[in-house]
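Single-structure report; data block below.
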Amino acid sequence: MKPANLLLEQTGTTIFTLMSALAVQHGALNLGQGFPDTEGPADIVEQAALALGDHRNQYPPLTGTPELKSAVAAANKRFYGLDIDPVSGVCVTSGATEALTACLIALLNPGDEAILIEPLYDTYLPVVKLLGAIPKLVRLEPPSWELPRAELAAAFSPRTKLLLLNSPMNPTGKVFTPDELSFIAGLLETHDSYAICDEVYEHLVFAGARHIPLMALPGMFDRCLRIGSAGKTFSLTGWKVGYVSGPARLIGLVAKAHQNLTFTTAPNLQRAVAYGLGKEDAYFSTLAAELQARRDLLRQGLEAIGFKTLATDGSYFITADFSGLGFDGDDVAFCRVITEQAGVTAIPVSAFYAGPAPRQFVRFAFCKQPALLEQAIARLKGWIASPPLTRGA
Ligand code: PMP
Ligand code: GLN
C-alpha cells in the first residue's frame with residue numbers, strides 16, 4: 001500500500017503517554033507526565049456542572065463564549081496591563097496544544113523558517129515540519145539554561161517568520177529574564193518576525209522570578225500571539241481549555257485555523273474557566289506558593305539521596321542529574337529502570353531534543369501532594385541503597 005503521511009509515520013507516540021502507561025503497568029508513582037494528583041478548585045468544577053444544566057449546550061461561538069473572551073481580556077489587563085480586545089483579540093481553543101497548532105498554521109507558509117529553542121516541548125517540532133516550514137534550533141545549555149545570544153541572533157535570516165518562546169519553560173523551569181526578553185524583542189523587530197508565546201505556566205512562577213509576557217514589551221504587541229491554558233492555571237489538565245490573546249489581525253487568522261481543527265470547545269467548561277479567571281488575587285498567589293513548597297520538598301529530597309538538581313523558577317518541573325548515582329545507562333534507561341524497580345516514574349530530558357542530547361538528566365513533576373512526593377523520595381532512596389546487581393539497567 002502507498003505510504004500514508006510520511007512525517008507522521010516517522011513520529012513516535014509522545015513520551016508523556018509512553019511513561020504514563022509504563023507507570024500504570026508497574027504501579028509506579030507518576031512524577032512523569034505533568035498533571036496534579038488533586039482536583040482543581042471545587043467552586044470552578046461546580047460552575048462547570050451548573051453550566052451543563054442551563055440549556056447552552058449547543059455549539060458555542062467559533063472564537064469562544066463571550067464570558068470567557070471577556071475574562072481572558074480582563075486577566076491580560078489585571079496581570080500584565082495588556083489591552084486585549086475581548087471580541088477580536090481572543091480565540092478560545094481546546095487546550096494550549098490546539099492553540100499552538102492553530103498559531104503555527106496562522107503564521108507559517110511552507111519554506112518559512114521557525115526558530116525553536118531546545119530543549120523543547122514535544123509538539124512544536126512535528127507541527128512545524130508538517131506545515132512544510134523549516135525549524136531552526138537554538139540550544140540552551142544546562143545548568144543555567146542562559147539564552148545564547150549570539151547563536152540566537154545567528155539563527156535569524158530574511159526567511160525567519162517566527163520564534164516560538166516558552167516561558168516559563170518546560171522542562172527547564174526557566175523564566176526568561178527582562179533582559180533576555182528585550183534582546184529577543186530587538187531581534188524580532190530587526191528581522192520583522194512574529195513570536196508565538198507559550199505561556200501555559202504563566203501563574204506557576206516562584207519567589208525571585210517574575211513572568212513578563214514578551215507581548216508586553218514596547219513594539220511587541222502586533223507581533224505576538226500569547227497562549228494560556230486553564231489546565232495549568234486551575235489544575236484541571238483534562239479540561240483542555242486554552243486561549244490565545246493578540247492583535248485582531250493575527251487572532252482572525254488563528255480563528256481560521258481553529259475553525260478547521262476543532263471549531264469550538266465545550267461551552268460549560270469555557271464558562272467555568274471564565275469564572276475561574278475572575279478569582280481573587282489570593283487564588284493565584286496561593287497556587288504558586290503551594291507549588292513552590294512542593295518544588296522545595298522534592299528538590300531537597302532528591303539532593304539528599306544523591307541527585308544534583310537544577311534551579312527551577314516556574315512550571316511543574318525539576319530537572320535532576322543522576323550521574324552521581326553510579327547508574328550505568330542513559331536517561332531513557334534510567335527512567336525505565338526506576339519505574340520498574342523503584343516504582344517512581346520520570347521523563348528522560350533527551351525527549352525534549354531534536355538532535356544529540358545530554359543523557360544524564362531526568363524531569364520530575366512536583367505538582368503532587370507532599371505525602372506522595374515524600375513517598376517517591378523514600379522509594380528512590382531504597383532503590384539507590386539496594387545492591388547494584390539488583391538495580392542494573
Ligand atoms: N505547552 C507546554 C509547554 C506544556 O507543557 C503543555 C502541557 N500541558 C502544553 C503546552 C499543552 O497544554 P494543554 O494541556 O492546555 O493543551
Ligand atoms: N505538558 C505535559 C508535560 O509536559 C504533558 C501533556 C501531554 O501529555 N500531552 O508533562
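The values are calculated or read from the model by the stated rules, or taken from the named source; none is laboratory data. This structure is a prediction, so every number in the text was calculated from the model and none was measured. Note that we place each Cβ from the backbone using ideal geometry, even for glycine, and neighbour counts take in every protein chain shown.
Here are the numbers:
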{"item": "Meets criteria (touching a residue at least 60 places away in the same chain (Cβ under 8 Å), within 13 Å of ligand 2 (Cβ to nearest atom) and within 26 Å of Asp179 (Cβ to Cβ)) for Val200", "result": "yes"}
{"item": "Subset of the stretch 92-114 [aliphatic (A, V, I, L, M) and either part of a loop (DSSP other than H, G, I, E, B) or within 16 Å of ligand 1 (Cβ to nearest atom) (or both)]", "result": "Val92, Ala96, Ala99, Leu100, Ala102, Leu104, Ile105, Leu108, Ala114"}
{"item": "Tyr194 being of a type in the set (Ser, Thr, Tyr), under 20 Å from Asn76 (Cβ atoms) and within 16 Å of ligand 1 (Cβ to nearest atom)", "result": "no"}
{"item": "Positions within the stretch 152-207 being more than 17 Å from Leu120 (Cβ to Cβ), in a helix (DSSP H, G or I) and not hydroxyl-bearing (Ser, Thr, Tyr), in sequence order", "result": "Ala153, Ala154, Pro178, Asp179, Leu181, Phe183, Ala185, Gly186, Leu187, Leu188, Glu189"}
{"item": "Residue in the stretch 302-309 that is within 19 Å of the chain's Cα centre (by Cα) and either outside any helix (DSSP H, G or I) or modelled with pLDDT of 95 or more (or both) present", "result": "no"}
{"item": "Count of the stretch 26-45 residues which are in a helix (DSSP H, G or I) and touching a residue at least 12 places away in the same chain (Cβ under 8 Å)", "result": "4"}
{"item": "Residues of the stretch 267-297 satisfying the condition of being touching a residue at least 60 places away in the same chain (Cβ under 8 Å), surrounded by fewer than 24 Cβ atoms within 10 Å (Cβ to Cβ) and farther than 24 Å from Tyr80 by Cα", "result": "Pro267, Asn268, Ala293, Arg294, Leu297"}
{"item": "Filtered residues of the stretch 19-42 (kept if away from ligand 1 (no atom under 16 Å from the Cβ) and of a type in the set (A, V, I, L, M, F, W, C))", "result": "Ala21, Leu22, Ala23, Val24, Ala28, Leu29, Ala42"}
{"item": "Residue that is nearest to ligand 2 (Cβ to nearest atom), among those in the stretch 6-25 that are touching a residue at least 24 places away in the same chain (Cβ under 8 Å) and assigned to a loop (DSSP other than H, G, I, E, B)", "result": "Thr14"}
{"item": "Subset of the stretch 74-125 that is hydrophobic (A, V, I, L, M, F, W, C) and closer than 17 Å to Met169 by Cα - its residue that is farthest from ligand 2 (Cβ to nearest atom)", "result": "Ile115"}
{"item": "Cross-chain or 6+ apart pairs with Cβ under 6 Å, the stretch 341-359 first and over 18 Å from Trp383 (Cβ atoms) and free of Cβ contacts under 8 Å to residues at least 60 places away in the same chain, then assigned to a helix (DSSP H, G or I) and not polar (S, T, N, Q)", "result": "Ser350/Asp331; Arg359/Asp331"}
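Here's the yes/no breakdown for (1) in a loop (DSSP other than H, G, I, E, B); (2) away from ligand 2 (no atom under 16 Å from the Cβ); (3) surrounded by 23 or more Cβ atoms within 10 Å (Cβ to Cβ):
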{"position": "Glu340", "(1), (2), (3)": "no, yes, no"}
{"position": "Ser350", "(1), (2), (3)": "no, no, no"}
{"position": "Pro356", "(1), (2), (3)": "yes, yes, no"}
{"position": "Arg359", "(1), (2), (3)": "yes, yes, no"}
{"position": "Val362", "(1), (2), (3)": "no, no, yes"}
{"position": "Ala371", "(1), (2), (3)": "no, yes, no"}
{"position": "Gln375", "(1), (2), (3)": "no, yes, no"}
{"position": "Lys381", "(1), (2), (3)": "no, yes, no"}
{"position": "Ile384", "(1), (2), (3)": "no, yes, no"}
